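The values are calculated or read from the model by the stated rules, or taken from the named source; none is laboratory data. All figures in this text were calculated on a predicted structure; none of them were measured in a lab. Neighbour counts run over all protein chains shown; Cβ positions are idealised from the backbone, glycine included. When the accessible area is computed, the model is the full protein with side chains, heavy atoms only, and any ligands, DNA or RNA have been set aside. Shrake-Rupley method; radii C 1.70, N 1.55, O 1.52, S 1.80 Å.
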Amino acid sequence: MNNGRKKLAIVTLGCQMNKHDSEWIAGLLSDKYDLSDDSENADFLVVNTCAVREKAEQKFFSLIGRLKALKKQNRKMILAVAGCIAQEWAEEIIEKAPDVDLVFGTRSIDKLPLMLEKFGETGLPQVDTSDDSVYDRFPMRRVSKFTAWVSIMRGCDNHCSYCIVPMVRGGEQSRPVDSILEEIKELSEKGYKEVTLLGQNVNSYGMGLSPVVDFPELMARIDAISSIPRLRFVTSHPKDLSDRLVSAMRDIPSLCPSLHLPIQSGSDRILKIMNRGYTADHYFARVEKLKEAVPDITLTSDVIVGFPGETDEDFEATHQAIKRARYDNIFLFKYSPRPGSKALNLKEMVDPVTAQERFDIILEEQKEISFQNHKTWVGKEVSILVDGASKRGENSYAGRTDQNIVVNFSSQKDNSGNFTRVMITEGKRHSLTGVEV
Ligand code: SAH
Ligand code: SF4
Ligand code: F3S
């Protein structure tokens, strides 16, 4: 029996922020709804969307097409569109997709219970993309019992010329320190092992707070009040990688030795048009400082190829930067024109064949670098937080090192959610292989 409780399914199409918000949505509805993976038979289906590149958008449009048929079968299902596409195109969605019942934006998530109630009373589509919600507390229903996302800032003021995020997530806003600490304390008491602090540009945390608390201080305070062994954060912007942050990475015990530091391009000319606020030299000077302070740190990055006007020379600079940085891994993208972004006005598009060639060159280069990097781990014993059983067969598990590298290993016991020690036996392109010791 379902004792009157209903089924909620959430499809999440975006970044960590999006995943965080899906757990928040689940939390907001937890008095009436149980989470379910079965979208076809859900009473309420939420599609949490992403607009960062055209491909992400297409995913949503093809999904909405399929949902039409689903709603015909399951007429009672309530269908909502949330997230970054919803924020930007709420009216269009309601107009063009009559099967959609609710549309709510990235800053009106807390209005959801009320919208749902109104929809129940009137049967009329509900839209809310307002920006007056308080950014403070989150009743989260987390998927994991041992790793957690914690939102510390929302929005972005950087306006990189290619990026839609400041439009769909609004201006930068820092969450009050006490409310962050309270959430972390609760996670710590519940035995969580790893927390990732989330924001579009976490190292500018604290602006607008009074008294001002900067990002390194926030992390020191978190470390002091919690017993959570692993603390991570995404994303930090190279222009704001201060000496204080470098020292924090060295001195705060729970801070993991890994950093996602997107370079985007290795060409100063392109970086300037991207409005990134740093040069390649500045980037590498910061990286060197960081490596001096934290010798075992691993770096990851985001890279865009085919930005408008990118010449062979510009591309070569990016290629050289990849060789120099020797990232553990990168997220590689082809430039995608975004409505409302400044770069949309740039007319010198790189032709798709060239963009693809450049993409393939960087991809191949990075594959080899990752492989070489991973081979250096062979013969070392590392501490792993076990994520769970892996699909590779019986007694096979997967976890991550302090550096956030995935390790597949064999063990006689399911240690999910706990730390264990593993001897690395093989380095692969995307992961390491090992045996529990
Ligand atoms: N705030 C984070 C994440 C932004 S979105 C940051 O600044 O790093 C994640 C990545 O998507 C970006 O780092 C960028 O590499 C990529 N991206 C954003 N807009 C893009 C676009 N229009 N075309 C291609 N890649 C894009
Ligand atoms: Fe987009 Fe730049 Fe802000 Fe990141 S820092 S969200 S890339 S505008
Ligand atoms: Fe994230 Fe995509 Fe929005 S990357 S912030 S869900 S546009």
Legend entry - Stokes-Einstein diffusion coefficient of the chain, Kirkwood radius over Cα pairs, 10 °C, 1.306 mPa s, in µm²/s: 68 µm²/s
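Among 392, 154, what's the order by accessible area (1.4 angstrom probe), most exposed first?
Details: 392 150, 154 30 Å².
The most accessible residue leads, giving 392, 154.
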Legend entry - For the range 1-73 and the range 381-432, distance of Cα centres in Å: 30 Å
Legend entry - Over the chain: helical MRE at 222 nm, DSSP H runs n ≥ 4 each giving -39500 (n - 2.57), nearest 500: -11000 deg cm²/dmol
Legend entry - Per residue value of the accessible surface for the chain (all protein chains in place, 1.4 Å probe), Å²: 46 Å²
Legend entry - Apportionment of accessible area to carbon and sulfur, the chain, percent (1.4 Å): 51 percent
Legend entry - Per-pair calculated FRET efficiency, R0 = 22 Å: residue 252 and residue 212 via Cβ, rounded to 0.05: 0.70
Inset, instruction - Have a look at the DSSP beta bridges in the chain and tell me what percent are antiparallel, nearest 5. - result: 30 percent
Inset, instruction - Could you work out the relative contact order of the range 6-128, using alpha carbon pairs under 8 angstrom and six or more residues apart, expressed as a whole percent? - result: 23 percent
Inset, instruction - Using label points projected 7 Å from each Cα along Cα→Cβ, tell me how many nm separate residue 186 and residue 311, to one decimal. - result: 5.6 nm
Inset, instruction - Indicate, rounded to the nearest 5 percent, the antiparallel portion of the DSSP beta bridges found entirely in the range 144-256. - result: 15 percent
Legend entry - Contour excess over end-to-end distance, with Cα ends at residue 32 and residue 269 and 0.36 nm allotted per residue: 79.9 nm
Legend entry - Per the chain, cysteines lacking a partner by the 4.7 Å Cβ criterion: 15, 50, 84, 156, 256
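Using r as the Cβ-Cβ distance of residue 118 and residue 3, and R0 as 30 Å, what FRET efficiency do you calculate, to the nearest 0.05?
Efficiency computed from Cβ-Cβ geometry: 0.75.
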Inset, instruction - Provide the FRET efficiency to the nearest 0.05 for the residue 293-residue 416 pair, computing r from the beta carbons and using R0 = 30 Å. - result: 0.35
Inset, instruction - Determine the distance separating the Cα centre of the range 102-120 from the Cα centre of the range 356-375; give it in Å without decimals. - result: 44 Å
Inset, instruction - Identify the residues of the range 1-34 with backbone N under 17 Å of a label point that sits 7 angstrom from the Cα of residue 221 along the Cα-to-Cβ direction, or state none. - result: none
Inset, instruction - Name the lysines eligible as straight-distance cross-link partners of residue 239: C-alpha to C-alpha under 24 Å, and not fewer than 8 places from it in the same chain. - result: 272, 289, 291, 323, 334, 342
Inset, instruction - Taking a cut-off of 21 Å between Cα atoms, list the lysines near residue 193, but don't count ones fewer than 8 places away on the same chain. - result: 19, 145, 185, 413
Inset, instruction - Mind grabbing the accessible area of residue 12 for me, 1.4 Å probe, Å², rounded to tens? - result: 50 Å²
Inset, instruction - Compute the relative contact order of the chain as a whole-number percentage, counting only Cα pairs closer than 8 Å that sit 6 or more residues apart in sequence. - result: 10 percent
Inset, instruction - Check cross-link reach from residue 71 to the aspartates and glutamates: straight Cα distance under 18 Å, and skip same-chain residues fewer than eight apart. - result: 37, 38, 40, 43, 95, 99, 101
Inset, instruction - Return, for the Cα atoms of the range 6-128, the radius of gyration and Dmax in Å, separated by a comma. - result: 13.0, 37
Legend entry - Label zone at residue 426, where the point sits 7 Å out along the Cα-to-Cβ direction: the range 328-369 residues whose backbone N lies under 18 Å: 368
Inset, instruction - Please work out the C-alpha center-to-center distance from the range 165-210 to the range 279-299 and express it in whole Å. - result: 24 Å
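What percent do you get for the relative contact order of the range 72-154 when only Cα pairs under 8 Å and 6+ apart count?
Computed value for the range 72-154: 25 percent relative contact order.
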Legend entry - Segment residue 378-residue 435, length gained on full extension (0.36 nm per residue, minus Cα span): 19.4 nm
Inset, instruction - Considering only protein heavy atoms, with the full assembly of protein chains and a 1.4 angstrom probe, order 234, 303 by accessible area, largest first. - result: 234, 303
